[in-house]
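All remarks here apply to the structure that follows.
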Amino acid sequence: MKSTWLWLPCVLTIALYGSPAAAQDVTVSFRGTLTSVDNSPFADLAVGTPFTGSYTFSLSTPDSNSMEQVGDYFHTTAPYGVTVTIGTHTFRSDPSNVNFLLELVNDYYSLDNYVFHSYTNADTDGVPVEIISWQLDDPTATLLASATLTDSAPDITRWQQLVGFDIRGGAAWSPFFLRGTMSEVRLGTGPFFIAGPPGAQGPAGPAGPAGAMGPTGPAGPIGPQGPQGPAGSVGPEGARGPAGPAGSPGLQGPQGPAGPVGPMGPQGEGLFSGSLLMLDSGSSRPEGYVYVGTFDLMPSDDARGRGVLMRVDLYRKN
């Protein structure tokens, strides 16, 4: 992939809804749920919070990647980009400075990928937003026929979402990270209806008119024995008896010799305060470390002309 933001493989499927549309602009709507919330400045956002949104791209955007297997479609003007609403907060591409990439990867290193990144975004409630991204991967490399844009929406029932949907931002010394999984993706716009909690039970309606009473039926069989009733209250404490005589003390034996010195234990991790630790992105935060940010590592290119990207989370020891 040619994008500057590194993603681990994630899977998503393209399902065609028809022949290419006459209009050049295509809008895809989505909804999902947050699965990870780290250092969020938004107090009402938590794991399980639902979100909705959409992204818009143009079929006329040229491919800026010279590789046949990779299509990079950069959009630099409104109305292109992504908008997502989570709770009372809206995250969106900066309409005055759009830098939105839609990338398709067809059968590259035996993978298909569908990715978008919004690299410049408006502040959300005064908080800077660095990137809004989504990636889907297909390890079977069968879901894309080419790296060419189509007027279609991904069919997420066929793709995997190993990384899913990401929003990152905040101050450099205190970044935040939100991650979620899409549950529905569809072509076009329109509201998603998310069921809320059940309301309170309404009052009972009036009783209907009494009908004529039929004859009394025969007596039924005796039912099973009911459960045991609760225990009764505890009675008052009885009088305390006299103390018994003290036992005779035992004789203390002589002190034994000192034991041999045990073997030396293994050396600790050896990292001092301020040391930096890199882990695969999405790993659990190690105890005693502070999350610094997520970075993309680009190793030297291999013989095929494309390096294997690695995404890492960086932590600093307390």
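The values are calculated or read from the model by the stated rules, or taken from the named source; none is laboratory data. Please read these numbers as outputs of a predicted model, since none were measured by experiment. Here the Cβ is made from the backbone with ideal geometry for all residues, glycine too, and neighbour counts use every protein chain on show. What goes into the accessible areas is simple: the full protein's heavy atoms, side chains included, and nothing from ligands, DNA or RNA. Shrake-Rupley method; radii C 1.70, N 1.55, O 1.52, S 1.80 Å.
Among residues of segment 10-38 that are modelled with pLDDT under 95, those with a Cβ under 6 angstrom from a residue that is of a type in the set (Gly, Ala, Ser) and in a strand (DSSP E or B), sequence gap 6+ or separate chain, pair up as GLN24/SER58. Residue selection: PRO62 satisfies the criterion of being open to solvent by 20 Å² or more (accessible area, probe 1.4 Å), over 14 Å from LEU178 (Cβ atoms) and modelled with pLDDT of 95 or more. The listed residues are LEU149, LEU104, and the only one of them that is touching a residue at least 24 places away in the same chain (Cβ under 8 Å), crowded, with 17+ Cβ neighbours inside 10 Å and in a loop (DSSP other than H, G, I, E, B) turns out to be LEU149. Each residue in segment 157-182 was checked for being open to solvent by less than 70 Å² (accessible area, probe 1.4 Å) and modelled with pLDDT of 95 or more, and 14 of them qualify. Going by the structure shown, is ASP112 within 22 Å of VAL312 (Cβ to Cβ), crowded, with 20+ Cβ neighbours inside 10 Å and among the acidic types (Asp, Glu)? When the stated conditions are applied, ASP112 does not pass them.
Say whether the condition of being more than 13 Å from the chain's Cα centre (by Cα), among the acidic types (Asp, Glu), open to solvent by 40 Å² or more (accessible area, probe 1.4 Å) and farther than 17 Å from PRO154 by Cβ is met by at least one residue in segment 70-83. Within segment 70-83, none of the residues are more than 13 Å from the chain's Cα centre (by Cα), among the acidic types (Asp, Glu), open to solvent by 40 Å² or more (accessible area, probe 1.4 Å) and farther than 17 Å from PRO154 by Cβ. Per the conditions (1) open to solvent by 60 Å² or more (accessible area, probe 1.4 Å); (2) over 30 Å from VAL70 (Cβ atoms); (3) modelled with pLDDT under 80, the sole criterion not satisfied by MET310 is (2).
Looking only at segment 114-135, decide whether some residue is in contact with a His (Cβ under 6 Å, 6 or more places away or on another chain), at pLDDT 95 or above and of a type in the set (Gly, Ala, Ser). Looking through segment 114-135, at least one residue is in contact with a His (Cβ under 6 Å, 6 or more places away or on another chain), at pLDDT 95 or above and of a type in the set (Gly, Ala, Ser).
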